[in-house]
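Everything on this sheet refers to the single structure shown next.
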Amino acid sequence: QVQLVESGGGLVQPGGSLTLSCAASGSIFSIAAMGWYRQAPGKQREVVAGIASGRITNYADSVKGRFIISRDNDKNTVYLQMNSLNVEDTAVYYCNAAVRPTWAGGLQTYWGQGTQVTVSS
């Protein structure tokens, strides 16, 4: 079993910054990709950013130029640096990882419990 634990959410004023962290632990041989999703009240969950094992990144258009995703493979941790936050960024942010539990096993997807980010004055 694999656990993803997020941290770093909170309340921030418009224009401010926050950095989210997500640490994976448990039965992990390798992690192919990690990413962040978010879900605002009354809306569907949407992808925010992703990063592959080779550190290739992709971003939703709404966060390009403001958010930066990075990962520390030694710590099985992914980060999301969020800058120039606005009220539309308010949501529960979820961490996601595609994990290979053993060297011969297939990829399995895991989710964190979510962390609230609220942008408000």
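The values are calculated or read from the model by the stated rules, or taken from the named source; none is laboratory data. Computed from a predicted model, the values in this text were never measured in an experiment. Here the Cβ is made from the backbone with ideal geometry for all residues, glycine too, and neighbour counts use every protein chain on show. What goes into the accessible areas is simple: the full protein's heavy atoms, side chains included, and nothing from ligands, DNA or RNA. Shrake-Rupley method; radii C 1.70, N 1.55, O 1.52, S 1.80 Å.
Couple of notes before you dig in:
- Leading residue by the ranking (least open to solvent (accessible area, probe 1.4 Å)) among those in region 14-25 that are farther than 16 Å from Ala49 by Cβ and of a type in the set (A, V, I, L, M, F, W, C): Ala24
- Within region 62-90, residues that are free of Cβ contacts under 8 Å to residues at least 24 places away in the same chain sit with their Cβ atoms under 6 Å from residues that are assigned to a loop (DSSP other than H, G, I, E, B) and not acidic (Asp, Glu), at 6+ positions apart or across chains, in these pairs: Arg66/Asn83; Arg66/Ser84.
- Selection count where residues are open to solvent by 20 Å² or more (accessible area, probe 1.4 Å), closer than 18 Å to Thr77 by Cβ and at pLDDT 95 or above, scope region 36-55: 1
- Among the residues of region 20-59, those identified as over 17 Å from Thr118 (Cα atoms) and among the aromatic types (Phe, Trp, Tyr) are Phe29, Tyr59.
- Scanning region 63-72 for residues that are open to solvent by 60 Å² or more (accessible area, probe 1.4 Å) and touching a strand residue (DSSP E or B) at 6+ places or on another chain (Cβ under 8 Å) yields one hit, Ile68.
- Applying the criterion of being over 14 Å from the mean Cα position of the chain (by Cα), within 15 Å of Ser27 (Cα to Cα) and among the hydrophobic types (A, V, I, L, M, F, W, C) to the residues of region 87-121, the residue that is least open to solvent (accessible area, probe 1.4 Å) is Val99.
- Unmet criterion (only one of (1) part of a strand (DSSP E or B); (2) free of Cβ contacts under 8 Å to residues at least 40 places away in the same chain; (3) open to solvent by 60 Å² or more (accessible area, probe 1.4 Å)) for Leu11: (2)
- No other residue among Val117, Val48, Val92, Val63 is among the aliphatic types (A, V, I, L, M), over 24 Å from Gln1 (Cα atoms) and out of contact with any Phe, Trp or Tyr (no Cβ under 6 Å at 6 or more places or on another chain) apart from Val63.
- Whichever residue in region 26-35 is of a type outside the set (Val, Ile, Thr) and within 15 Å of the chain's Cα centre (by Cα) and, among such residues, is surrounded by the fewest Cβ atoms within 10 Å (Cβ to Cβ): Ala32
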